[in-house]
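Working notes for the structure below.
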Amino acid sequence: MSYLIRFAPESAGQLENLYSSAGRRRRQTPRGFVDSLMDHYEGLAAFPHRGTAREDLRPGLLTMSYKKRVVTAFTADDSREQVTVLGVFNGGQDFESVLNDPDE
C-alpha cells in the first residue's frame, strides 16, 4: 500500500521559504536540498507512521527531522491512505508554538 503525500497550503509556503533561504546557508544548491527533502517525503508513502508522535500538540500529529536541519509535522490518515504535511520548519524555528496554536 502506498499513501498519497499532500501538502497543506501553509507547508507549501514554508517549502518555498526554505528554498529561498537554502542557497544562503547550505553548501548544497537550493534545488538539490529541496529535491532531497522531497525524496525524504516520498518515504512517507511507504511508511506513513514513522516519526515521533506529538499528541501533546495535536491529535494524530507526527514529526520527523531531516538532516537535523528541518522538522516536518504531518498526519497519516489510514482511511484515506494519505499523509498530510502540515508544516516544514527550519531547525531553530519554534514549531511547537505554531502547531499548538488553536488558530492555526
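Mind checking which residues of segment 50-65 are over 15 Å from LEU99 (Cα atoms) and surrounded by 16 or more Cβ atoms within 10 Å (Cβ to Cβ)?
Filtering segment 50-65 for residues over 15 Å from LEU99 (Cα atoms) gives 50-51, 65.
Residue satisfying the conditions is GLY51 alone.
Could you please let me know if THR84 is among the polar types (S, T, N, Q) and more than 17 Å from GLY13 (Cβ to Cβ)? No: the conditions fail for THR84.
Of the residues making up segment 42-49, at least one is closer than 21 Å to LEU99 by Cα and either crowded, with 16+ Cβ neighbours inside 10 Å or under 10 Å from the mean Cα position of the chain (by Cα) (or both).
Go through segment 76-88 and give me each residue that's touching a strand residue (DSSP E or B) at 6+ places or on another chain (Cβ under 6 Å) and surrounded by fewer than 17 Cβ atoms within 10 Å (Cβ to Cβ). Give the steps one after another, and end with the answer.
Let us first name the residues in segment 76-88 that are touching a strand residue (DSSP E or B) at 6+ places or on another chain (Cβ under 6 Å), namely 76, 82-88.
Residue satisfying the conditions is GLN82 alone.
Which members of segment 34-73 meet the condition of being in a helix (DSSP H, G or I), in contact with a Leu (Cβ under 8 Å, 6 or more places away or on another chain) and not small (Gly, Ala, Ser)? Scanning segment 34-73 gives VAL34, LEU37. For SER21, the criteria (1) out of contact with any Lys or Arg (no Cβ under 9 Å at 6 or more places or on another chain); (2) touching a residue at least 12 places away in the same chain (Cβ under 8 Å); (3) surrounded by 14 or more Cβ atoms within 10 Å (Cβ to Cβ) hold in every case but one, which is (3). The residue that is modelled with the highest pLDDT, among those in segment 15-35 that are closer than 13 Å to TYR66 by Cβ and within 13 Å of the chain's Cα centre (by Cα), is LEU15.
The values are calculated or read from the model by the stated rules, or taken from the named source; none is laboratory data. Keep in mind that this is a model prediction, so the values were computed, not measured. Glycine gets a Cβ as well: all are built from the backbone with ideal geometry, and neighbour counts include every protein chain shown.
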